[in-house]
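The structure under discussion appears below in the form of structure tokens.
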Amino acid sequence: MAVLRLCALVGPAIAAAWTSRTFLGEAKAHGAQRRRSVTSLLGWPSAAIESRATGGEAKKLGAMKAARPWFHTSAELAEEARAVADRCRGRAMVRSHTEGDVTIDSVKLKADVADPTNRVFIVFGEHSRELITAESGLALLKALCGEGEGSSKVSASSLFQDNDFTLVLNANPRSRKKVEEGDFCLRVNPNGVDLNRNYDMGWTEGTPRDMPNTNPGPHPFSENETRIMKELMETDRPTTFLTVHSGTKGMYMPWAYSPDKLETKNGKSMMEVLEALDKDHCRCPYGAAGKEVGYAAPGTSLDFARKIQGNEFSFAFEIAASHDLDDALRARYNEEEEEEREGKAPSLMQLSSTAMSESRHISHPESVAYLEKFPSDFVQVSAASASSTDEAASEENCFGQYNPESEKEYKELVKNWVAAFMEMAQLTNEKLHELRRAKP
């Protein structure tokens, strides 16, 4: 039974709370008439960069940019991605996808072969306050195009031998602009809908407890953003899917929508990939998101990806947390390693997903208590944990819960996770070849 491995955390926190201020714009009717255009460009579309700050807009954007100039505004993300794509030796193409009043851009990086084994699809910024996720996506694009630091274990050139990539750097573009203006707690889209609860895999109707953080919308794919993502995923057909978040640290595989359903299709291989990445890059909880927890996180992109034809791997990484959690994780991991060296505990690598110690099981009371107080977006340990909020949190407190505060931390975090993304692609490629060889 694949379960989530929790490193028997001790300390003040297991994760920074998923909090959000209410941002409920007027819900817009989605009639039969919809405008949709998909334009392939050599550079980033003008629609995506029209938010360039000038005059009064520059003053508003100062809330983020003036205090932390190493972060990119939406316009800067778009422009820099365009420049990198233009210099990527003809390998990268930026595409614009429009549905109603929403435009989302993706970068397609083609492999050296016409039909690569692995089609990697990575989404950043589903929740607008998680600014660091888009930063890690831009850094990954640079590394793949030979302009930034990648992984010491795998090179970009070797990846392109048998992998192509789709990168969506800003999956919640309208709300991200509000975050850049200082609304650092904002998670949902302008309609007040959590995009990571609006997919149709296990979607359930919202209740009062879902407001404002995890409102799933009136029906699956009610939002322009998720309709764009659905069409893009169905077009590019990822064999490997990853959605990147922040606010805690963890690496997850399906299923999030059901506490009873265990992933049987390729579940063992997915767990092995997470185990391989954990030691070097996360040292955090990892495994099946919903199994044995008792409560569901329905309607996630993590689970929806499994409906895509040909998908073999689907993951969600939560890559940044508060200092309290980082300290707790580091202290506990060091304690466990010391116990292993002294022979007081089995090696973490000796604990399979079906033979974990009780204290590391996600449903252990101590683990549940931590996760209930500081919930993950994909691991819900109580009926209220997804929507629990710290309404007294200031905007600045929210920023630090989801993003690194210093430039040094920013650089270290981005470097670490770019390497992890690249190594994930290599590992899943190897697993796909194993699966092909195993077929009769």
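The values are calculated or read from the model by the stated rules, or taken from the named source; none is laboratory data. The shown structure was predicted, so the numbers you read here are calculated from the model rather than taken from an experiment. Here the Cβ is made from the backbone with ideal geometry for all residues, glycine too, and neighbour counts use every protein chain on show. Only protein heavy atoms, including side chains, enter the accessible area calculation; ligands, DNA and RNA are left aside. Shrake-Rupley method; radii C 1.70, N 1.55, O 1.52, S 1.80 Å.
One line per residue, one yes/no per condition, for (1) without any contact (Cβ under 8 Å) to a residue 40 or more places away in the chain; (2) open to solvent by less than 10 Å² (accessible area, probe 1.4 Å); (3) more than 20 Å from Phe315 (Cβ to Cβ); (4) among the acidic types (Asp, Glu):
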| residue | (1), (2), (3), (4) |
| --- | --- |
| Ile122 | no, yes, no, no |
| Ser128 | no, yes, yes, no |
| Thr133 | no, yes, no, no |
| Ser136 | no, yes, no, no |
| Ala139 | no, no, no, no |
| Glu149 | no, no, yes, yes |
| Ser157 | yes, no, yes, no |
| Leu169 | no, yes, no, no |
| Asn172 | no, yes, no, no |
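What single numbered condition from (1) out of contact with any Phe, Trp or Tyr (no Cβ under 6 Å at 6 or more places or on another chain); (2) of a type outside the set (A, V, I, L, M); (3) open to solvent by 10 Å² or more (accessible area, probe 1.4 Å) fails to hold for Asn163?
That leaves (3) as the condition not met.
Output the residues belonging to the stretch 85-110 that are of a type in the set (Val, Ile, Thr), under 19 Å from Ala134 (Cα atoms) and either open to solvent by 10 Å² or more (accessible area, probe 1.4 Å) or touching a strand residue (DSSP E or B) at 6+ places or on another chain (Cβ under 7 Å) (or both).
Across the stretch 85-110, the qualifying residues are Val94, Thr103, Ile104, Val107.
Report, by residue number, each residue of the stretch 172-186 that is outside any helix (DSSP H, G or I) and under 19 Å from the mean Cα position of the chain (by Cα).
We begin by selecting, within the stretch 172-186, every residue outside any helix (DSSP H, G or I); these are 172, 181-186.
Across the stretch 172-186, the qualifying residues are Asn172, Phe184, Cys185, Leu186.
Which condition number does Met271 fail, the rest of (1) open to solvent by less than 10 Å² (accessible area, probe 1.4 Å); (2) free of Cβ contacts under 8 Å to residues at least 24 places away in the same chain being met?
Unmet condition: (2).
Does the stretch 249-261 hold any residues that are open to solvent by less than 60 Å² (accessible area, probe 1.4 Å) and modelled with pLDDT under 75, and which are they?
Pro259
Of (1) among the small types (Gly, Ala, Ser); (2) open to solvent by 60 Å² or more (accessible area, probe 1.4 Å); (3) at pLDDT 75 or above, Gly343 satisfies all except one. Which?
Gly343 satisfies all of (1) among the small types (Gly, Ala, Ser); (2) open to solvent by 60 Å² or more (accessible area, probe 1.4 Å); (3) at pLDDT 75 or above except (3).
Considering only the stretch 230-248, state which residues are open to solvent by 40 Å² or more (accessible area, probe 1.4 Å) and in a loop (DSSP other than H, G, I, E, B).
Correct list: Arg237 only.
Here are the criteria: (1) over 30 Å from Ala67 (Cα atoms); (2) over 17 Å from the mean Cα position of the chain (by Cα). Tell me which single one Thr166 does not satisfy.
Condition not satisfied by Thr166: (2).
Filter the stretch 121-171 for residues that are more than 20 Å from Asn403 (Cα to Cα), touching an Asp or Glu at 6+ places or on another chain (Cβ under 7 Å) and not in a loop (DSSP other than H, G, I, E, B) and give the result.
Once the filter is applied, which keeps residues that are more than 20 Å from Asn403 (Cα to Cα), touching an Asp or Glu at 6+ places or on another chain (Cβ under 7 Å) and not in a loop (DSSP other than H, G, I, E, B), the stretch 121-171 yields Phe121, Ala143, Thr166.
Could you tell me which numbered condition Ser222 fails, if it satisfies all but one of (1) open to solvent by 10 Å² or more (accessible area, probe 1.4 Å); (2) over 19 Å from the mean Cα position of the chain (by Cα); (3) over 30 Å from Ala111 (Cβ atoms)?
Ser222 satisfies every listed condition except (1).
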